[in-house]
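> Next up is a structure, given as structure tokens.
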Amino acid sequence: MLTPAWFPLKYHPLQAKLWRSQARFVAAAAGRGSGKTELARRRVVRMLPVKKPWHDPMYFYALPTYRQASRVAWRHITRLVPKEWIKGAIHESELRIETIFGSSLYIVGLDKPQRIEGDQWDGGVVDESCDQKPGHFERSILPALSHRNGWCWRIGVPKRAGVGAANFKEFFKAGSIISPEGGYIPAVHESYAWSSEDILTPEQLAWAKANLDAKDYNEQYRANWETVGGAIFYAFDEVLNVQQCIYRRDLPLIIGSDFNVDPMAWVIGQQDPDHPHKELRIIDEIWIRNTNTRETLDALYNRYGKSHTAGFTFMGDASSRSRNTRASESDYMQIRNDRRFSNPQVIYPRANPALANRFATCNAAFCNAEGVRRVVIDPRCKNLIRDLTTRAYKPGTSQPDDEGDIGHITDALGYVIYQLFPITLHIPQAPKVYAI
């Protein structure tokens, strides 16, 4: 019952490999109807009789909302659990199943992440990962898996839209690329992807092709990570604008700052005056949660201030002149008065440029019509690169579709670019006309 033989048509070899995986963390980004959800449901049920050193193993199956959990997962999962495994009655009001083995399985909605906090879990599945709010996995689920060394599968279609799409894509890529600097440990993290075309019938695929545009089909059925529609920074290229940037002690450090409290997002760059296009190189980023301007300045000083003598130039949001984060004086004045940074240049405009103008300036700096790229970003700036590749407009509008962490760090970069590479309108003069 609990082996890959349940597939009604055929299954992809990667599914069998996933079923046998011993990785603690797994990302599965696969097409619609390709079997990932059924496999994940059976995985969590399969673990219920497994003996643990403790008497009360706990598992969860999570969807973005409680309503989804109740409607989509509960009925299917209760059918998978053999009746002889169940201890007493099923607790439908709590979406909880207790077994004769002492283990429990909870179906939860993460619209209220506290539903999963407070307990220590042995494992679980996070479904529809692109629709899960960013930060829930890192702040609520990971700590709840720590004491029992619990496992977790994050699964879903690789959507280009969705509140958690960027977060899930980053998690998926961390399991695909072995990098000691990554946010997750490659030894315990694996990623899998397969297409619905390997599973569904030709008739089902023909219907999808006839009813979806190319990007939707590639995303929903081929499980491709498509580029975001309505991308704000369309000129940014994740290959051509990303390269290792060498920190130079002889050049001033340029700090672009966004004064949101959670997260506080700053970028650190240097401009090469000898480069033919005065290239801006973003060498680092500061990304701190639940903080204030003073603590962020401390982080900057500890990282660069003790040894850098070529000066600091701070650029940022005009609103910081009068708006406080958690300090008694404005962000603007805190920076100007910080004596650890000798004579800092502080450049904050009296009014912010229109968003459309700032975005246009950024795109021109990433790549202008002549193919010149004047901004490069070090690969270590993971939050900045993620924001540049995923920030998009609300469908049918010119307003950014910013949710959660999206937008803050690209605003910090945008303030710098707007100051260094302003777009000036050149109006050619009409030729002089002489009377004869």
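The values are calculated or read from the model by the stated rules, or taken from the named source; none is laboratory data. Treat the numbers as computed from the prediction; the structure is a model and nothing was measured. Here Cβ is always computed from backbone atoms with ideal geometry, including for glycine, and neighbour counts include all displayed protein chains.
> Could you give every pair whose Cβ atoms fall below 9 Å, whose first residue belongs to the range 15-31 and is among the charged types (D, E, K, R), and whose second residue is assigned to a helix (DSSP H, G or I) and at pLDDT 90 or above, counting only separations of at least 6 or pairs across chains?
Pairs found: ARG24/LEU145.
> More than 21 Å from the chain's Cα centre (by Cα), of a type outside the set (Phe, Trp, Tyr) and outside any strand (DSSP E or B): is that true of ALA412 in this structure?
Working: more than 21 Å from the chain's Cα centre (by Cα): no; of a type outside the set (Phe, Trp, Tyr): yes; outside any strand (DSSP E or B): yes.
Here the answer is no, as ALA412 does not meet what is asked.
> Which condition number does VAL239 fail, the rest of (1) at pLDDT 95 or above; (2) hydrophobic (A, V, I, L, M, F, W, C); (3) not assigned by TED's automatic domain parsing to the domain that holds CYS367 being met?
In the conditions (1) at pLDDT 95 or above; (2) hydrophobic (A, V, I, L, M, F, W, C); (3) not assigned by TED's automatic domain parsing to the domain that holds CYS367, VAL239 misses (1) alone.
> Are there any pairs, at least 6 apart or on different chains, whose C-beta atoms fall under 9 Å, with the first in the range 67-81 and within 19 Å of ILE155 (Cβ to Cβ) and the second among the aliphatic types (A, V, I, L, M) and surrounded by fewer than 16 Cβ atoms within 10 Å (Cβ to Cβ), and if so, which?
Sorted first by the residue in the range 67-81, then by its partner, the pairs are LEU80/MET1; LEU80/LEU2.
> Among ARG79, ARG160, ARG115, ARG139, which is modelled with pLDDT under 95, crowded, with 21+ Cβ neighbours inside 10 Å and of a type outside the set (A, V, I, L, M, F, W, C)?
Values: ARG79 fails: crowded, with 21+ Cβ neighbours inside 10 Å; ARG115 fails: crowded, with 21+ Cβ neighbours inside 10 Å; ARG139 fails: crowded, with 21+ Cβ neighbours inside 10 Å.
Among ARG79, ARG160, ARG115, ARG139, only ARG160 is modelled with pLDDT under 95, crowded, with 21+ Cβ neighbours inside 10 Å and of a type outside the set (A, V, I, L, M, F, W, C).
> Would you check if PRO134 is within 29 Å of SER196 (Cα to Cα) and either assigned to a helix (DSSP H, G or I) or of a type outside the set (S, T, N, Q) (or both)?
yes
> Looking for something touching a helix residue (DSSP H, G or I) at 6+ places or on another chain (Cβ under 9 Å), over 28 Å from PHE168 (Cβ atoms) and surrounded by fewer than 18 Cβ atoms within 10 Å (Cβ to Cβ) - is there at least one such residue anywhere in the range 205-226?
The answer is no, given that none of the residues of the range 205-226 is touching a helix residue (DSSP H, G or I) at 6+ places or on another chain (Cβ under 9 Å), over 28 Å from PHE168 (Cβ atoms) and surrounded by fewer than 18 Cβ atoms within 10 Å (Cβ to Cβ).
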